[in-house]
1. Calculated FRET efficiency, residue 56 and residue 28, Cβ-Cβ r, R0 30 Å, to nearest 0.05?
2. So how much slack lies between residue 292 and residue 151, counting 0.36 nm per residue of separation and subtracting their Cα-Cα distance, in nm?
3. I want to check the label-to-label distance for residue 229 and residue 158. Put each point 7 Å from Cα in the C-beta direction and report it in nm to one decimal.
4. Any idea how far the Cα center of the range 198-235 sits from the one of the range 312-367, in Å?
5. Using packing as a proxy for protection, rank 391-397, 165-171 so that the peptide with the highest average count of other Cβ atoms within 10 Å comes first.
6. Compare the peptides 217-227, 349-359 by average per-residue count of other Cβ atoms within 10 angstrom and give them in order, highest first.
7. Full-extension gain between residue 138 and residue 339, please, as 0.36 nm times their residue separation minus the C-alpha to C-alpha distance.
8. For the pair residue 219 and residue 240, how long in nm is the line joining their label points, each one 7 Å along Cα→Cβ?
Ligand code: SF4
């Protein structure tokens, strides 16, 4: 019997010849989607030594495997390519509706290759049930994202969604993002695949937008319809009954907690706490809903978490969405801009120009720290965006190219980046396990690669925690589930067998994380030998305990909703089917020993990375960061080793 996915296709767009072809999807890769699929395609089809902004880079737009189904919170899309910012493989992930619309039409990926000879022209890709065509889009050249999408939708049905880049992407600035329109009736380009400069790669292809109209196409049908519906209902009920409170006020609500944990960086990270944090507290944003309007909503159809806020101005008019914790930290606290309304303006400008708020905030903070502008100059920061970057001035380009770019030009001594990418809000000094993610993930300083918010954790346990969450996030990014669904390793994967009516579907999946590392390895920027996945395989072969069910030793972790321990199954629950394999890796990732001896080797191998990271000076075991210690990337102080670094507990008074 023919099943869902049997007739799937991919769209291949050759921008050199301006041609489009439709190809059958690989039958042996049915279980690959999102980040796993883009990693596989890049590994096979992209020269890792290519110029990221040249014709040989490949841009892959790939919805997750569960996107387009009725599984809750599962419709995300991954944008994969070689990053112009890190120089390695990159995946940036976004909500909104384009992912599910694309896969509902049966398209598992759009692969964009080549580069037009005339770089002044602009192109748009129209996808519907009847046709896929590349059309001239010169009239959209230079348009800001909101205006661009408004114009695009003017003659389109209400079912359509769009992917677009702003002027930053067109200028190929390394901090450029790719925007996806959200599920709101207004279909705003507010959901950004932000990190790694993926927008610059789309700009280098002269592809201004992708318009997708699923028409009346229905959701993808599971083979076991009743079983799938039953499981989905129970899953949603369990989620709403247990974890929903964690995210229902959005990520901005975490500001006070992050400040308490010394991971709300202030003034280009010279302090971990901001004395004026109240002005950026998400509670103020939520309180504004009553008087101004605005609300929490789901950024994509089918999301039951609804963590995205819609922010209005004083007159009750729409200003931006979503104003997230990361944005409040980087464009706010890091620049000493301590009023959430100013940050909302900056967030809107970034969305309009198509810029990553993390990279842009980090760059402006470096600019301020190096004396280019006064701390807290909100109006000056807005002008930097609306005039300097929008008009492509030299200063604007240096800031739009990210923290490392502006810091290098200004010869500044403190540039908080890892692998060329600006540090997110979650700081690796108090959060050692998250630091290990920044050091060991191919994604560089990217908290969505594996965030562990637990300042108590250090040593080998930190390496284990980082590894676990990196696997979980790889699964989320590959299946299309949003990480805010609060997944364990087993949860996202548990939908697949019911969808395909197979017992152990993921066992045939090649490892996405392995592909990620292989790609970087061919580029010779993977410093680990052997890479993490190889080590995981050795560790897993030892058949140890399941980290998801093991007990947690710290009282802080037990009570903290942010702790990885929140992912534990309840004690009285039935042990789940072991995750034999997953899109995150081959070899059986379900069993990690609590203290795998081989991690010592891993930790020592990571030493070289840590030496190259900006926070290597943190060996003074202090939560008070010295502004005088050089923190420039690749200029590690050389005084500490990884063993000392990660075995220290931060001296934090909470
Ligand atoms: S949880 Fe939040 S970010 Fe994730 S899909 Fe839902 S609204 Fe979007």
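1. 0.70
2. Taking residue 292 through residue 151 to full extension adds about 48.0 nm, to one decimal.
3. 2.5 nm
4. 29 Å
5. Peptide ranking by packing, descending: 165-171, 391-397.
6. 349-359, 217-227
7. Full-extension gain reported as 68.5 nm.
8. With each label placed 7 Å out from Cα toward Cβ, I get 1.3 nm.
Each value in this text was obtained by applying a stated rule to the coordinates, not by laboratory testing. Quantities reported herein were computed from a predicted structural model and do not represent experimental measurements. All Cβ positions, glycine included, derive from the backbone under ideal geometry; neighbour counts span all protein chains shown.
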